[in-house]
1. With charges set only on the Cβ (+1 for Lys and Arg, -1 for Asp and Glu), what does the dipole of segment 95-151 come to about its Cα centre, in debye to the nearest 20?
2. Please give the charge dipole size of the chain, origin at the Cα centre, charges +1 on K and R Cβ atoms and -1 on D and E Cβ atoms. Round to the nearest 20 debye.
3. Using 0.36 nm times the number of residues separating Ile95 and Ala144, minus their current alpha carbon distance, what extension gain do you get?
4. How much mean residue ellipticity at 222 nm does the chain get from its helices, if each DSSP H run of length 4 or more adds -39500 (n - 2.57) and you divide by all residues, to the nearest 500 deg cm²/dmol?
5. Distance from the Cα centre of segment 37-60 to that of segment 170-190, in angstrom?
6. Under the Karplus relation 6.51 cos²θ - 1.76 cosθ + 1.60, θ = phi - 60°, what is the ordered set of whole-Hz ³J(HN,Hα) values for segment 50-60, x standing for Gly and Pro?
7. Classify the chain as rounded, prolate or oblate from the Cα gyration tensor: take a ≥ b ≥ c as the square roots of its eigenvalues, call it rounded if a/c is under 1.5, otherwise prolate when a/b beats b/c and oblate if not.
8. Starting from the Cα of Gln17, step 7 Å along the direction of its Cβ; do the same at Ala103; then give the gap between the two resulting points in nm.
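Just so it is clear, none of the values below were taken in a lab; they were calculated from the coordinates. The structure presented is a predicted model; accordingly, all values stated were derived computationally and were not measured. Here the Cβ is made from the backbone with ideal geometry for all residues, glycine too, and neighbour counts use every protein chain on show.
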Amino acid sequence: MTIGVLALQGAFAEHEQMLERLGESTFEIRQRRDLERSMDGLIIPGGESTVQGKLLRELGIFEELKARIQGGLPTFGTCAGLLLLARRIENDARIHFAAMDIAAVRNAYGRQLGSFHTEADFAGAGKVPMTFIRAPYIASCSGAARPLAEVDGKIVAARENHLLVTAFHPELDENPTVHTYFLNMIRKKG
Ligand code: GLN
């Protein structure tokens, strides 16, 4: 399969490495003409949601990508990518793709706990390492959105049909469980 990785800013290279390790092809989406390539799935990496949102619009790729995401393109958003996909961000008026029925809280862990590492069950697939970096969490899932993982009573991963989000960064750990889950979603096995 071929996965497009949004590569405007943030931790995109680590997603590419993980997918290539799993035997998949990737290409980077940096400008409008990159959207001419066909892709089986899309990854929106962690980084800074406000910066990515601004660049997406300035580069003229926001509307096209939004239409594809809403039209069924399997999409996996990590951290800032989660914020870009959320229908609502409780502490930020800026809304981006608004594709997924989740309400997120941005920079939700405060300054003391800006970054931390833990392990928790993911989608019944056992414990996976979870690295959080100035992460959001999901305050609520509605409609067809379902929680897939929780840490300390907060939802940190969710799925809604063809959309997957994690508040943590699975691409920064060696464990391939979350990326494998996404690939199985695309293959309609999961
Ligand atoms: N704090 C970032 C934001 O608001 C997200 C952090 C991350 O992606 N690691 O977009």
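1. On the way: 5 positive and 4 negative charges, 44 e Å.
Result for segment 95-151 is approximately 220 debye, rounded to the nearest 20.
2. Numbers: 22 positive and 23 negative charges, 100 e Å.
In total the dipole reaches around 480 debye.
3. Stretched out fully, the Ile95 to Ala144 stretch lengthens by 15.7 nm.
4. Details: 5 runs with 45 residues, N = 190.
Only helices count here, giving -6500 deg cm²/dmol.
5. The two parts, judged by their Cα centres, are 20 Å apart.
6. Each residue of segment 50-60 in turn: 5, 5, 5, x, 5, 5, 4, 6, 4, 7, x Hz.
7. Details: a/c = 1.42, a/b = 1.15, b/c = 1.23.
Rounded, because the longest to shortest axis ratio a/c is under 1.5.
8. 3.8
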